[in-house]
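These notes concern the structure reproduced below.
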Amino acid sequence: MDAIEKQIRELRDQINAHNHKYYVLNQPDISDYDFDQMLKQLEKLELEHPEYDDPLSPTHRVGSDLTKEFEQIEHLHPMLSLSNTYSVEEVDQWVERTERALAGQESDLVGEMKFDGTSISLIYEHGRLVRAVTRGDGERGDVVTDNIKTIRSIPLQLAPGDWPEIFELRGEVLLPWKEFERLNAERAFNEEPLFANPRNAAAGTLKLQDPKIVAQRHLDAYFYYLLGENLPSTTHYGNMEAVKRWGFKVPDQMKILHDMKEVDEYIKYWDTARRELPVATDGLVFKVNSLQQQLNLGYTAKSPRWAIAYKFQAERACTELKFVSFDVGRMGIITPVANLVPVLLSGTMVKRASMHNQDIMQDQLDIHEHDMLYVEKGGEIIPKIVGVDLEARKPDAKKVIFVTHCPACGSPLVRKDGEAAWICPNKYGCPPQITGRVEHFVGRRMMNIDGIGEEISNALFEAGFVHNIADLYTLTREQLLTLEGFGEKSADRLLKGIQDSLKVPFERVLYALSIPYVGETTAKKIARSCRSIDRLMNMTEEELCAIEDVGGVLARCIIEYFASPINREIIERLRQAGVQLAMEEEDESLKSDKLAGKVIVISGVFAKHSRDEYKKMIELNGGKNSGSISKKTTFVLAGENMGPAKLEKAQALGVPIINEDQFLELLQ
Ligand code: IVH
């Protein structure tokens, strides 16, 4: 081995050891800065000596720019599930059953957490991670190795130890509560749909096609099952200790239990203590410790007889119903909401809970005035009413009846055949529908007009200034200054936001219009297919159905939307205001082949044009945009704050770096 190779290997070992201290043991012993320096040094050496590159090097944790469909593969051993129970008695019966089946042999059990994430199977050969596979249907799963490599607590290359040549390790990929909350706060800010619980968030993240986004989500993983030949121990507990030695995270809460009494105590303790854990758990798992005894007990068709899962009851509280209110959404849907005497549930005060629709409120729950309601919050963020304490109901309590008229505008409600929702049909006169559409229109992912939330949108409506989205474009400074809380600065800022929205491309305008069922993705597909609102307004149902993702119901909604004279007038006024109602046609005079055959990487922040504009210029002039620097890169177009890794890579490969002035000159 030459000196360089030796140096590279030593650096990798040191970095792996620091990763383990930081991500598994929570005991870093060098500063982040020193760690980054080591990583940079390794990156540099690997770039200079590509012959020693290794896909499992710690420098490759963030994945490449490549995105791809997942390959599917058959599991070495099928991934079974566990039999479940919510009752301590049934766990006790299982303990008795296994003792009987083992005919009086001495037998220990192991108690551990049941993690509420998404399961993963890792295959290691000669101490190297060769593949990570999701559960899939239990027989076959998706190969998600690149995404798993982003999880820093998973060692990619094991230090020398007593690991078998080939083994499989099963565990759970999780999004810790802290990361889950951070991710949802970020999504709320961007007006993206929230994840209901960390499990959905973890499963969704593992299936992302871009490992770079996966890396930003900070997943973690705990392991609970080792399979293979020549395992280090004859017990489950012993094997888990070995797995821990090899550098993986195993649950600290794991405990050997000798009898039913200890099992019951373990359940009692963790039923409450689990709330302090940094990750979501939905129960406990009990396993027979001896692998020989596991073998003797065997399996049913679906699950091992040597294990059972005890599931925690979702957190539940009982509180009094103050009154039921009926919310009106921007599409006119009426939602019954239970307004409650505030109650603490999983650390948050719950005051309101949705009851979804009439059938659930009146028939399933049969809500009466001042009922005592059970409110539950599992891993979910939105609390739900799961039942009524009938014994606490007063004999003369009246049944709560769903409204027949809109609580906001008084219109008689309508319900379409076969649908659960009652709707207020007064689309253009019902205040919460009007203000709701304005709020949607100005949203970040739509017209991106800052400064209009629920309150301002209500104030603009009440003052008589904004009755529909087109009115936004005739708002004056004088009008705004009459509103409470508006100073000259805030008025000017809002007017500028409105003016800037004239640049928003047609596909986002289409999404902003609040056409029923036209979400962000559908809007994009429709816009790219029809190219302009004039064409869309005249399309037949058949033509609309030919667009990807558009079916009969959606096609009829679009036709109905444009059939309304009110909507047509709004569109005309938006057109006069200068809102983009067609896809931008590519200006022939801007096209050239000046960059033909050139592969260009953009990095950093620019002063004269946005990154997207530069990307477009490159395409229009025949060049190709690329996300990562390689030998094929013709040059890097660099702005301020170009990433240091990119800079170093470009320099190492001798790729020229040009600034925006030089680039614009090139196109002159
Ligand atoms: S053992 C043969 N242990 O629960 C069964 N599973 O319903 C091996 N799970 O798919 C699984 N925590 O995703 C085991 N400590 C734990 C677990 C656990 C969570 C999940 C796992 C499995 C499901 C079974």
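The values are calculated or read from the model by the stated rules, or taken from the named source; none is laboratory data. Here the structure is a predicted model, which means the values were calculated and not measured. Cβ placement follows ideal geometry from the backbone for every residue including glycine, while neighbour counts extend to all protein chains displayed. The protein model used for the area step is the full one, side chains on, heavy atoms only, and it has no ligands, DNA or RNA in it. Shrake-Rupley method; radii C 1.70, N 1.55, O 1.52, S 1.80 Å.
Rundown of residues vs (1) within 28 Å of Gln14 (Cβ to Cβ); (2) modelled with pLDDT under 85; (3) among the hydroxyl-bearing types (Ser, Thr, Tyr), yes/no style:
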residue: Met38; (1), (2), (3): yes, no, no
residue: Glu43; (1), (2), (3): yes, no, no
residue: Ser57; (1), (2), (3): yes, no, yes
residue: Glu74; (1), (2), (3): no, no, no
residue: Leu80; (1), (2), (3): no, no, no
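Between Gly136, Gly141, Gly161, the distinction of being in contact (Cβ under 8 Å) with a residue 24 or more places away in the chain, away from the ligand (no atom under 15 Å from the Cβ) and of a type in the set (Gly, Ala, Ser) belongs to Gly161 only.
Under 7 Å between Cβ atoms, at least 6 apart or on separate chains: pull out the pairs that start in region 349-364 with a residue that is more than 20 Å from Leu390 (Cα to Cα) and end on any residue that is open to solvent by 60 Å² or more (accessible area, probe 1.4 Å) and not aliphatic (A, V, I, L, M). Correct list of pairs: Met349/Pro342; Val350/Pro342; Lys351/Pro342. Would you point out the residue of region 90-133, among those that are away from the ligand (no atom under 16 Å from the Cβ) and of a type in the set (Lys, Arg), that is nearest to Val243 (Cα to Cα)? Among them, the one singled out is Arg128.
Working carefully through the options Glu548, Glu484, Glu542, find the one that is of a type in the set (Asp, Glu), surrounded by fewer than 13 Cβ atoms within 10 Å (Cβ to Cβ) and outside any loop (DSSP other than H, G, I, E, B).
Values: Glu548 fails: outside any loop (DSSP other than H, G, I, E, B); Glu484 fails: outside any loop (DSSP other than H, G, I, E, B).
Only one candidate passes the filter, namely Glu542.
Within region 379-408, track down each residue that is without any contact (Cβ under 8 Å) to a residue 40 or more places away in the chain, open to solvent by 40 Å² or more (accessible area, probe 1.4 Å) and within 28 Å of Ser457 (Cα to Cα). The answer is Thr404, His405.
Given the options Val341, Val263, Val328, Val324, name the one that is surrounded by 21 or more Cβ atoms within 10 Å (Cβ to Cβ) and over 29 Å from the mean Cα position of the chain (by Cα).
Numbers: Val341 fails: surrounded by 21 or more Cβ atoms within 10 Å (Cβ to Cβ); Val328 fails: over 29 Å from the mean Cα position of the chain (by Cα); Val324 fails: surrounded by 21 or more Cβ atoms within 10 Å (Cβ to Cβ).
On inspection, the qualifying residue turns out to be Val263.
Can you confirm whether Arg528 is within 29 Å of the chain's Cα centre (by Cα) and surrounded by 17 or more Cβ atoms within 10 Å (Cβ to Cβ)? Taking the combined requirement at face value, the residue does not satisfy it. Look at Ala196 and say whether it is open to solvent by less than 20 Å² (accessible area, probe 1.4 Å), in contact (Cβ under 8 Å) with a residue 60 or more places away in the chain and among the small types (Gly, Ala, Ser). The answer is no for Ala196.
Just one of the listed residues (Arg275, Arg316) is open to solvent by 50 Å² or more (accessible area, probe 1.4 Å), part of a helix (DSSP H, G or I), more than 11 Å from the ligand (Cβ to nearest atom) and at pLDDT below 95, and it is Arg275. Output yes when any residue across region 303-311 is open to solvent by less than 50 Å² (accessible area, probe 1.4 Å), more than 10 Å from the ligand (Cβ to nearest atom), within 17 Å of Leu174 (Cβ to Cβ) and of a type in the set (Phe, Trp, Tyr), and no when none is. No, region 303-311 contains no residue that is open to solvent by less than 50 Å² (accessible area, probe 1.4 Å), more than 10 Å from the ligand (Cβ to nearest atom), within 17 Å of Leu174 (Cβ to Cβ) and of a type in the set (Phe, Trp, Tyr).
Restricting region 212-226 to residues that are within 13 Å of the chain's Cα centre (by Cα) and either within 11 Å of the ligand (Cβ to nearest atom) or among the β-branched types (Val, Ile, Thr) (or both), the residue that is most open to solvent (accessible area, probe 1.4 Å) is Ile213. Check region 531-548 and report whether any residue there is touching a residue at least 24 places away in the same chain (Cβ under 8 Å), farther than 22 Å from Leu574 by Cβ, in contact with a Leu (Cβ under 9 Å, 6 or more places away or on another chain) and not small (Gly, Ala, Ser). Taking every residue of region 531-548 in turn, none turns out to be touching a residue at least 24 places away in the same chain (Cβ under 8 Å), farther than 22 Å from Leu574 by Cβ, in contact with a Leu (Cβ under 9 Å, 6 or more places away or on another chain) and not small (Gly, Ala, Ser).
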